[in-house]
1. Just need the relative contact order of the stretch 174-326 here, percent rounded to a whole number, with Cα pairs under 8 Å and 6+ apart.
2. If you consider only alpha-carbon coordinates, what radius of gyration and Dmax does the chain have, in Å?
3. Which order do the peptides 120-133, 306-319 come out in when sorted by mean C-beta neighbours inside 10 angstrom, highest first?
4. In the stretch 271-330, what is the volume of the convex hull around the alpha carbon atoms, normalised per residue and reported in Å³?
5. Give the relative contact order (percent, whole number) for the chain; include only Cα pairs under 8 Å separated by 6+ residues.
6. Using alpha carbon centroids, what distance separates the stretch 142-172 and the stretch 85-112, in Å?
7. For residue 72 and residue 135 in one chain, what is 0.36 nm times their gap in residues minus the Cα-Cα distance, to one decimal in nm?
8. Specify the angular offset, from 0 to 90 degrees and rounded to the nearest 10, of the alpha carbon long axis of helix 144-154 from the longest principal axis of the alpha carbons in the chain.
């Protein structure tokens, strides 16, 4: 059964719900962030499927394999929640997206079993798209040569990604994470092809921002495994979506400790102040797009000094957001 449909893209929860077909061009991967390297591969595959009158299929995994294999010891922070990843992959124009539950049993599939059970019986692959260093199966023991041998046995082609697409794949999720942790929103945006978006749910705060003239929405992450950028004050765009509408506000966010008021043992927070709007957002789910890091977290000598700095922050944030609006879109 399909999870949902995005235009022409059918999203399926696991291999048992995937329908039989005739001609299928397939690729597999975690696709964390669906960055420009991923997009280059997926755009090429979608175009190839169209010219060959075939269906394009992506198999992705949830949870991330590293989280299953290494647990919290993996230290992995993801660039997207599952819902964000599904939407980004669906937007590429694929015909089918299969979200395969990944567990210990699945991780133990030997390479030949992965080919037979997943690529052939599960997906009905007639072509499999891979890079030169593609690995698969338990312990990542399967390689491209084994895949070609299996293709001859089961009747599917192995399609090597063109060289220019291989070059695009030098864009990596790891590089994007590094830039975000350093507060480099622009650098991350160059690799992602869009601004980094973090999702959270609005909770009750202590109301201090309102007394300062800067009311804030306090957020908890929707997925504790999603990466939070480095501490600081940011210019942001805030998006709220419901079944009927999408609303976007400009604003600024404070991410980290609040040293002016909190003791050193207080937990870091994410607070967002919206410009020119004060809706009731309690319990809402918001997407925070990080556009520019304005400054470090600082301790001020009382509320008056803090408010003076917040006014400067707001002016700078408005300027940066206006400049972003004027930049040509990719």
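Values quoted throughout were computed directly from the atomic coordinates according to the rules given, and no laboratory measurement underlies them. Since this is a predicted model, take the numbers as computed values, not measurements. FYI the Cβ positions are ideal-geometry reconstructions off the backbone, even for glycines, and counts take in every protein chain you see.
1. Working: 296 pairs, mean separation 42.8, N = 153.
It rounds to 28 percent for the stretch 174-326.
2. So, for the chain, Rg and Dmax equal 22.5, 75 Å respectively.
3. Working: 120-133: 19.0, 306-319: 15.3.
Highest-to-lowest ranking by the protection proxy: 120-133, 306-319.
4. Details: hull volume 7.8 nm³, N = 60.
Measuring per residue, one finds 130 Å³ for the Cα hull of the stretch 271-330.
5. Working: 614 pairs, mean separation 52.0, N = 330.
With pairs under 8 Å counted, the relative contact order is 16 percent.
6. 17 Å
7. Working: separation 63, 0.36 × 63 = 22.68 nm, distance 2.36 nm.
Full extension from residue 72 to residue 135 adds 20.3 nm.
8. 50 degrees
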